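A.B. asks: One structure coming up, written as structure tokens, with questions to follow.
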Amino acid sequence: MDALQSHNPVFADRAAAGRALAQLLEAYRGRKDLLVLGLPRGGVPVACEVARALGAPLDVLVVRKLEVPQQRGLAMGAIASGGAVYINQEVRQQAGVSQLRLDAVQAEAAAELQRLEHLYRGERPAPEVRGHTVILVDDGVATGATLHAAVSALRMLRPAAIVAAVPVAAADAISAFQGMVDDFVCVHTPRYFRSVGQFYRQFGDTGDAEVRELLRQMWEEHTLIAEGTDQ
């Protein structure tokens, strides 16, 4: 899309951003293998609108970065829903992280991942990703670190294709995903970019309760649609 020329908000809220994003994803409507995954927490309200518009099932991809000990913020890998594990061996080796320390970091992250998955999904199993076309949705991309970790981990689950989809992203962040994803869909790539929230009139925190409720609603809607199709 053309670069945005002002600092004015583009989207009323995350739901409106999701509806705008869904219009650019119409080519994927009707695919039998389609799965929409939202990145908690802020990506879920956006993904909800995308999944609804495309008639696709919705779930979450919970991702936990594996941070280098003593260098919080520096990721040496990530783990994600479905048992995906990605380790950046170059970063790990440069940071001098032993296998024992890596195992400890991974165990801690896995425990938090399991807690969040149970919080959001309850006893519902993680979705089947292998062989599916996955649209991975967040509410925006600034540095791209979180989405990069998510894509890297998701690739380990062997989907047929990964489509990264966001309402707004910094142009230099998008270029970092070339070769990582099969498609990158974005509504706005503004010329002036300070933060994702800059482009929303309402950009409050998305709570865990809201994520759970959106997932519950979408699972019920998709079940009803599937039952109606079978009849």
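A.B. asks: Checking the condition of a type in the set (A, V, I, L, M), surrounded by fewer than 19 Cβ atoms within 10 Å (Cβ to Cβ) and in a helix (DSSP H, G or I), which residue from 47, 53 passes?
C.D. replies: Testing whether each residue is of a type in the set (A, V, I, L, M), surrounded by fewer than 19 Cβ atoms within 10 Å (Cβ to Cβ) and in a helix (DSSP H, G or I) leaves just 53.
A.B. asks: Could you check the stretch 66-91 and list, in sequence order, the residues that are part of a helix (DSSP H, G or I) and either in contact with a helix residue (DSSP H, G or I) (Cβ under 8 Å, 6 or more places away or on another chain) or under 21 Å from residue 143 (Cβ atoms) (or both)?
C.D. replies: The answer is 90, 91.
A.B. asks: Here are some conditions: (1) surrounded by fewer than 19 Cβ atoms within 10 Å (Cβ to Cβ); (2) charged (D, E, K, R); (3) without any contact (Cβ under 8 Å) to a residue 40 or more places away in the chain. Residue 33 meets all but one. Which one does it not meet?
C.D. replies: It fails just one condition, (3).
A.B. asks: While we're here: Quick check on my filter: what residues within the stretch 62-108 are charged (D, E, K, R), over 19 Å from residue 118 (Cα atoms) and modelled with pLDDT of 90 or more?
C.D. replies: Passing the criteria: 67, 90, 92, 101, 103.
A.B. asks: When the residues of the stretch 68-80 are narrowed to those that are under 19 Å from the mean Cα position of the chain (by Cα) and either closer than 13 Å to residue 102 by Cα or of a type in the set (S, T, N, Q) (or both), which ends up surrounded by the most Cβ atoms within 10 Å (Cβ to Cβ)?
C.D. replies: 78
A.B. asks: Next up: Out of the stretch 92-127, which residues are surrounded by fewer than 19 Cβ atoms within 10 Å (Cβ to Cβ), in contact (Cβ under 8 Å) with a residue 24 or more places away in the chain and not in a helix (DSSP H, G or I)?
C.D. replies: Correct list: 124, 126.
A.B. asks: Would you check if there is a residue in the stretch 132-139 being of a type in the set (S, T, N, Q) and in contact with a Lys or Arg (Cβ under 8 Å, 6 or more places away or on another chain)?
C.D. replies: Within the stretch 132-139, one or more residues are of a type in the set (S, T, N, Q) and in contact with a Lys or Arg (Cβ under 8 Å, 6 or more places away or on another chain).
A.B. asks: Kindly indicate which of 95, 53 is farther than 25 Å from residue 129 by Cβ and of a type in the set (A, V, I, L, M, F, W, C).
C.D. replies: After applying the criteria, what remains is 95.
A.B. asks: Under 6 Å between Cβ atoms, at least 6 apart or on separate chains: pull out the pairs that start in the stretch 1-25 with a residue that is part of a loop (DSSP other than H, G, I, E, B) and surrounded by 11 or more Cβ atoms within 10 Å (Cβ to Cβ) and end on any residue that is modelled with pLDDT of 60 or more and basic (Lys, Arg).
C.D. replies: Close Cβ pairs satisfying both conditions: 3/191; 9/201; 12/201.
The values are calculated or read from the model by the stated rules, or taken from the named source; none is laboratory data. Predicted, not measured: the structure shown is a model, and the values here were computed from it. With ideal geometry, Cβ positions are generated from the backbone for all residues, glycine too; neighbour counts draw on all protein chains shown.
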